[in-house]
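Asks: Sending over a structure as structure tokens; questions will come in a sec.
The values are calculated or read from the model by the stated rules, or taken from the named source; none is laboratory data. Please read all numbers here as calculations on a predicted model, not as lab measurements. With ideal geometry, Cβ positions are generated from the backbone for all residues, glycine too; neighbour counts draw on all protein chains shown.
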Amino acid sequence: MTPAATYTGRFAPSPTGPLHLGSLFAALASYLDARASHGRWLVRMEDIDPPREIPGAADTILQQLENHGLYWDDSVLYQSQRLAAYQEAIGDLVDKQLIYFCQCTRARLRTLNGIYDGHCQSQKLLTTDSRAIKSSAIRILVPDLAISWQDLIRGPCTENLAKSCGDFIIVRRDGLFAYQLAVSVDDGYQGITHIIRGDDLLDSTPRQMYLLEQLGLSIPAYGHVPVIKNHDGDKLSKQGFAPMVNATTPGTNIERCLTLLGINLPTDLSGASVEELLPWAIKHWSRTQIPNVPHAR
């Protein structure tokens with residue numbers, strides 16, 4: 001496995017609700033990969049979307065992680081305290097003439113089938129003055145080139161941003177910094193070297209790789225675990241009203257996630273505590289044994 005000096009991983013939840021089984025599954029995969037690599041594991045709170053956030057959810061998530069034995073290194077980074085860094089990144093992209101205003105309506109965007117056509121490219125952004133960008137989104141120009149990476153779990157991956165999404169948004173029309181920008185800036189700031197996360201974020205990876213490159217930041221290694229699906233084939237999610245993990249059964253919850261990760265526990269660890277389960281799981285962690293489609297049972 002990777003030496004400690006070259007591994008820093010992270011788990012970055014949004015405080016839109018407490019952890020459910022799917023988010024605990026993702027956190028555990030990230031944690032085990034970091035610990036099995038003798039690396040650092042950080043927690044970042046992606047709290048820059050106030051309309052979607054639930055008061056107290058951030059504290060609840062941190063308590064849930066601790067309750068399940070998933071202790072992080074260093075202090076928690078809150079994106080809401082990093083707005084100046086995101087604004088600085090916008091300035092860097094202005095200097096490179098890579099970003100522009102977009103005032104396309106939602107109705108127009110719905111006609112594009114998810115691939116932006118560059119309609120507003122002539123509105124080059126020449127200032128970071130917030131008054132000038134009021135009521136406009138900001139998009140970044142993307143090249144018509146393939147972006148490739150060796151995914152730690154899925155293997156070779158390639159995507160052409162111009163063909164898959166087009167110039168994408170890095171500042172929303174309501175003035176909030178978009179996920180793609182904030183996560184890229186913070187991965188660089190925290191020195192993240194490895195990212196293990198759900199494959200629902202697979203299409204975000206080439207966008208973040210591109211942003212990191214344009215900002216002169218190091219690009220991590222990425223690994224995408226399959227998201228847990230229910231019996232109807234839908235992803236477990238807060239939007240889908242997935243129930244929060246039972247706080248009274250942390251050992252059972254971890255055991256369930258380990259099974260979904262393809263880790264078969266010995267019979268003498270059935271019903272064990274998280275303090276017994278996690279050290280054993282770290283020793284037996286392997287990226288190659290993760291099932292293609294884990295289903296909640």
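Asks: Hey, does the stretch 184-201 have a residue that's among the small types (Gly, Ala, Ser), surrounded by 15 or more Cβ atoms within 10 Å (Cβ to Cβ), assigned to a strand (DSSP E or B) and in contact (Cβ under 8 Å) with a residue 24 or more places away in the chain?
Replies: Yes.
Asks: Another question, then. Residue 56 passes all but one of (1) among the small types (Gly, Ala, Ser); (2) assigned by TED's automatic domain parsing to the domain that holds residue 172; (3) on the phi > 0 side of the Ramachandran plot; which number fails?
Replies: If we test residue 56 against (1) among the small types (Gly, Ala, Ser); (2) assigned by TED's automatic domain parsing to the domain that holds residue 172; (3) on the phi > 0 side of the Ramachandran plot, just (2) comes out false.
Results for (1) assigned by TED's automatic domain parsing to the domain that holds residue 114; (2) without any contact (Cβ under 8 Å) to a residue 60 or more places away in the chain; (3) β-branched (Val, Ile, Thr); (4) not in a helix (DSSP H, G or I), shown as yes or no for each residue.
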{"site": "156", "(1), (2), (3), (4)": "yes, yes, no, yes"}
{"site": "163", "(1), (2), (3), (4)": "yes, yes, no, no"}
{"site": "170", "(1), (2), (3), (4)": "yes, no, yes, yes"}
{"site": "222", "(1), (2), (3), (4)": "no, no, no, yes"}
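Asks: Determine if the stretch 250-259 includes at least one residue that is assigned to a loop (DSSP other than H, G, I, E, B) and either modelled with pLDDT of 90 or more or of a type in the set (Asp, Glu) (or both).
Replies: No, there is no match, as no residue in the stretch 250-259 is assigned to a loop (DSSP other than H, G, I, E, B) and either modelled with pLDDT of 90 or more or of a type in the set (Asp, Glu) (or both).
Asks: Please state which of the following conditions residue 135 fails to meet, knowing it meets all the rest: (1) surrounded by fewer than 11 Cβ atoms within 10 Å (Cβ to Cβ); (2) over 18 Å from residue 177 (Cα atoms); (3) among the hydroxyl-bearing types (Ser, Thr, Tyr); (4) outside the structural domain of residue 33 (by TED's automatic domain parsing).
Replies: (2)
Asks: So which residues in the stretch 3-25 are of a type in the set (Val, Ile, Thr) and either surrounded by 24 or more Cβ atoms within 10 Å (Cβ to Cβ) or assigned to a helix (DSSP H, G or I) (or both), if there are any at all?
Replies: Within the stretch 3-25, just 6 meets the criteria.
Asks: So, one more: Taking the stretch 160-171 only, how many residues are of a type in the set (D, E, K, R), surrounded by fewer than 18 Cβ atoms within 10 Å (Cβ to Cβ) and touching a strand residue (DSSP E or B) at 6+ places or on another chain (Cβ under 6 Å)?
Replies: 0
Asks: Kindly check whether there is at least one residue in the stretch 104-127 that is farther than 25 Å from residue 205 by Cβ, within 19 Å of the chain's Cα centre (by Cα) and not hydroxyl-bearing (Ser, Thr, Tyr).
Replies: Within the stretch 104-127, not a single residue is farther than 25 Å from residue 205 by Cβ, within 19 Å of the chain's Cα centre (by Cα) and not hydroxyl-bearing (Ser, Thr, Tyr).
Asks: Go over the candidates 97, 150, 103, 121 one by one and state the one that is in contact with a Pro (Cβ under 7 Å, 6 or more places away or on another chain), surrounded by fewer than 15 Cβ atoms within 10 Å (Cβ to Cβ) and outside the structural domain of residue 33 (by TED's automatic domain parsing).
Replies: 150
Asks: Do you know which of the residues in the stretch 59-117 that are of a type in the set (S, T, N, Q) and farther than 26 Å from residue 175 by Cβ is modelled with the lowest pLDDT? Reasoning before the result, please.
Replies: First pass over the stretch 59-117, keeping only residues of a type in the set (S, T, N, Q): 60, 63-64, 67, 75, 79-81, 87, 97, 103, 105, 111, 113.
Filter once more, so that each one left must be farther than 26 Å from residue 175 by Cβ: 60, 63-64, 67, 75, 113.
Details: 60: 96, 63: 97, 64: 97, 67: 97, 75: 96, 113: 90.
Ranking the qualifying residues of the stretch 59-117, first place goes to 113.
Asks: Just checking: which of the helices (runs of 4 or more DSSP H) contained wholly in the stretch 26-120 hold 1 or more residues that are in contact with a strand residue (DSSP E or B) (Cβ under 9 Å, 6 or more places away or on another chain) and in contact (Cβ under 8 Å) with a residue 12 or more places away in the chain?
Replies: It comes to 57-67, 83-95.
Asks: Please state which one of 242, 221 is among the small types (Gly, Ala, Ser) and at pLDDT 90 or above.
Replies: Answer to the check: 221.
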